[in-house]
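Here the structure comes first, spelled out in structure tokens, and everything after it is commentary.
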Amino acid sequence: MVSLLYQKSKEFLDSLINEGKITPQLEALKNHHLESYEHSMRVGLLSVDLGLENHVNDFELRLLGYSGLLHDVGKVKIPLEILSKTEKLTSEELEVIKSHSRLGFLEIDDELEYGLIKPIIVAHHEYKKEGYPRKGRDRRKKARNKDRRKRKADINKLAEIIAVADMYDALTSSRSYKIALPKEEVEKILKTQYTGSTKYVEQVLDRN
Ligand SMILES: [Fe+2]
Ligand SMILES: [Fe+2]
């Protein structure tokens, strides 16, 4: 990833990791499936970078860092033979993979960042065509509540940023089952499949 903000983003993310609050979850993911762990580190970095570019507040930047790092933590509960399978997944296996959003929700401490990491993580695959686990914006609105501190964080905006960072990294990195796609293909897929703000698509593509 190339960005003018890269160094600042990296320092911020490192300081968040060094707080140690999510070390057990990161270690568990690293030990279970290294590829998912490395992807999560990149998504965390890109999410923070996009947050800085979009001038989110300090609290929102923390939420982005944690959510990016933990968005796929539910994969610790997905059998390794499915995660590492190089052939096409069966529809049953695909459903198992898709369960990682909800499993991640359950995996996260209720108290982490005032409970606001959980609603972001469960929504990270909802900003695309055929999104899951929930459909439609109405259900996302349930994430809001009346706590004063929570009102200072726009959960839907942050979930949109995590979603675009996740899609971008998934498309631009090679995995056990696929190669990294060329830039034109990445652009085409993001522009047709991502349902969040087009502004974020332009911003991630600018990082190429
Ligand atoms: Fe995911
Ligand atoms: Fe992901």
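The values are calculated or read from the model by the stated rules, or taken from the named source; none is laboratory data. From a predicted model like this one, the values you see are computed outputs, not experimental measurements. Note: ideal-geometry Cβ built from the backbone for every residue, glycine included; neighbour counts use all protein chains shown. Protein only, heavy atoms only, side chains kept; ligands, DNA and RNA dropped before computing areas. Shrake-Rupley method; radii C 1.70, N 1.55, O 1.52, S 1.80 Å.
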Using the alpha-carbon centroid of each, what span in Å lies between the stretch 51-105 and the stretch 157-206? 15 Å
How do Asp206, Asp49, Asp110, Asp154 rank by accessible surface area computed with a 1.4 Å probe, from largest to smallest? Asp206, Asp110, Asp154, Asp49
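Note down the relative contact order for the chain as a percent, whole number, built from C-alpha pairs under 8 angstrom at least six residues apart.
21 percent
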Among the trypsin sites (Lys or Arg not before Pro) within the stretch 59-113, which fall in a DSSP loop and have no more than 11 other Cβ atoms within 10 Å of their own Cβ? Lys88
Give the accessible area for Ser91 in Å² (nearest 10); use a 1.4 Å probe, count only protein heavy atoms, and leave out ligands, DNA and RNA. 80 Å²
With every protein chain left in place and a probe of 1.4 Å, what is the accessible surface of His124, to the nearest 10 Å²? 0 Å²
With charges set only on the Cβ (+1 for Lys and Arg, -1 for Asp and Glu), what does the dipole of the chain come to about its Cα centre, in debye to the nearest 20? 920 debye
Accessible area in the full protein assembly, largest first, 1.4 Å probe, for Met167, Met41: Met41, Met167
Return one quarter of the surface area of the convex hull spanned by the alpha-carbon atoms of the chain, equal to its mean projected area, in nm². 10.9 nm²
